[in-house]
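Below you'll find the structure, written out as structure tokens, and then a few comments.
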Amino acid sequence: MPDLLRITSSDNPRIKAVARLRDSRDRRETGAFIAEGFREVERAMAAGLRMIEWYACSEQLGFDVAQIMQRLPWRKQDDDAAGHDVSSNVLRKLAYKENPEGLIAVFEQPRWSFESLVSAEHIFWLVAVGIEKPGNLGAMARTAAAAGASALIAIDESIDPFNPNAIRASTGAVFTLPVVKVSKAELLTACSAKSIHLFAAMLTQGARPHHVMNCTGNTAIAIGAEDEGLSADWAELAVKTGGSAVIIPMLTDHVDSLNASVAAGVLLFEAKRQRGGG
């Protein structure tokens, strides 16, 4: 293992460059993101993502930074990642969390194309519409991954699955679950080309109970934002694909809807059951 570069100044140009990755514009321009803490770093490595560089604070960790290699699933390719031993003030400059764990790494973002997702043999998508909060997006990605969905499709939104809050809420699911942004028109074209049945979760007259939807074939389940839900035209669009608007029956009049990620979980796991997922 090469000697680690010691950095004690938060004005170091390298430190400033990494700190800028907390902004979506810099993540978009560089194609990189920050993983913070052992769990995130370990899961990014396990996902096969390329590590660019890493920073550790021995004062915060409580052990020599050289021991990091023994605590992470280190790969031969990671030997090319530059390692740095930083002071606690530099760690605070880099960290997003209020009480940082002591380890931060910069990774290259995975890249997925909608075309490759459409060409897959079996399609099982969660479609997120109008989900603006990174934490909500991350929670939905976590739910989708847990239910065996093959992708999360975001409609017409400036989503950033590598926002620190999205990564944290997803518990690293965004490292392996493809998250792509497309237009509504592109989604409908794909549904037509691959016979994908779209089911739109809606509080609307005529919506069918969720347990009667048929998800045994190519399936896409659309969930809207918690405050507004899906617009009325989604019910018509779903019918055109062979799907329908669906509703999760509530057992009390005092509750008329669920949290977006919870609703996604109910529908996705029902689909998983029908698709033979246990």
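The values are calculated or read from the model by the stated rules, or taken from the named source; none is laboratory data. Quantities reported herein were computed from a predicted structural model and do not represent experimental measurements. Note that each Cβ is placed from the backbone with ideal geometry, even for glycine, and that neighbours are counted across all protein chains shown. These accessible areas exclude ligands, DNA and RNA; they are computed on the full protein's heavy atoms, side chains included. Shrake-Rupley method; radii C 1.70, N 1.55, O 1.52, S 1.80 Å.
For the range 172-180, what does the Karplus curve 6.51 cos²θ - 1.76 cosθ + 1.60, with θ = phi - 60°, yield as ³J(HN,Hα) per residue in whole Hz, taken in order and with x for Gly and Pro?
Residue by residue, the range 172-180 yields x, 4, 5, 6, 10, 7, x, 10, 10 Hz.
Only residues of the range 125-165 count here: report those whose backbone N is under 13 Å from the spot 7 Å along Cα→Cβ of residue 194, or say none.
Of the residues in the range 125-165, 125-127, 149-154 have backbone N under 13 Å from the label point off residue 194.
Subtract the Cα-Cα distance of residue 69 and residue 225 from 0.36 nm times their separation in residues, and report this length gain in nm to one decimal. Let's see the in-between values first.
Numbers: separation 156, 0.36 × 156 = 56.16 nm, distance 4.15 nm.
Stretched fully, the residue 69-residue 225 segment lengthens by 52.0 nm.
Calculate I(q)/I(0) for the range 61-185 by the Debye formula, one identical point scatterer on each C-alpha and no solvent, and give its log10 at q = 0.13, 0.21 Å⁻¹ to two decimals.
Relative scattering, expressed as log10 I(q)/I(0), comes to -0.66, -1.19.
Quick one: Cα centre-to-centre distance for the range 241-258 and the range 101-169, in angstrom?
One Cα centre to the other: 24 Å.
So what J values fall out for the range 252-268 if you push phi through Karplus, 6.51 cos²θ - 1.76 cosθ + 1.60 with θ = phi - 60°, rounded to Hz, Gly and Pro as x?
After applying 6.51 cos²θ - 1.76 cosθ + 1.60, I find 8, 6, 7, 10, 10, 7, 10, 3, 4, 6, 5, 4, 4, x, 4, 6, 5 Hz.
Please compute the Cα-Cα pair-distance distribution of the range 76-142 with 5 Å bins starting at 0, giving whole percents from short to long.
Cα pair-distance distribution for the range 76-142, in percent: 3, 10, 13, 14, 17, 13, 14, 10, 5, 1, 0.
Please give, to one decimal in nm, the separation of the simple spin-label points placed at residue 208 and residue 273, each 7 Å out from Cα toward the Cβ.
Placing both labels 7 Å beyond Cα along the Cβ direction yields 1.6 nm.
In the structure shown, do any of 194/240; 97/181; 76/181; 93/181; 16/97 have a Cα-Cα gap over 22 Å, and if so which? Please report the intermediate quantities before stating the final value.
Numbers: 194/240 13 Å; 97/181 27 Å; 76/181 33 Å; 93/181 31 Å; 16/97 17 Å.
Over 22 Å apart, Cα to Cα: 97/181; 76/181; 93/181.
With +1 on the Cβ of every Lys and Arg and -1 on the Cβ of every Asp and Glu, and nothing else charged, how large is the dipole of the chain about its Cα centre, in debye rounded to the nearest 20? Mind dumping the intermediate values first?
On the way: 29 positive and 33 negative charges, 88 e Å.
Dipole of the chain, to the nearest 20 debye: 420 debye.
Given that compact globular proteins tend to follow 2.2 N^0.38 Å, what is the ratio of the alpha-carbon Rg of the range 186-261 to that value?
Details: Rg = 12.5 Å, N = 76, 2.2 N^0.38 = 11.4 Å.
Scaled against compact globular proteins, the figure is 1.09.
Compute the accessible area per residue over the range 41-150, keeping the other protein chains in place, probe 1.4 Å, unit Å². Before the final figure, lay out the partial values.
Working: 5160 Å² over 110 residues.
Here the residues of the range 41-150 average 47 Å² of exposed surface.
Can you give me the Rg/Rh ratio for the chain, using Cα atoms for both radii and the Kirkwood formula for Rh? Please report the intermediate quantities before stating the final value.
Numbers: Rg = 21.2 Å, Rh = 20.2 Å.
Dividing the radius of gyration by the Kirkwood radius yields 1.05.
Which peptide among 139-147, 20-28, 263-271 comes first, and what is the full order, when sorted by highest mean count of other Cβ atoms within 10 Å? The partial results should precede the final answer.
Values: 139-147: 24.6, 20-28: 14.9, 263-271: 22.4.
Most protected by this proxy first, the peptides run 139-147, 263-271, 20-28.
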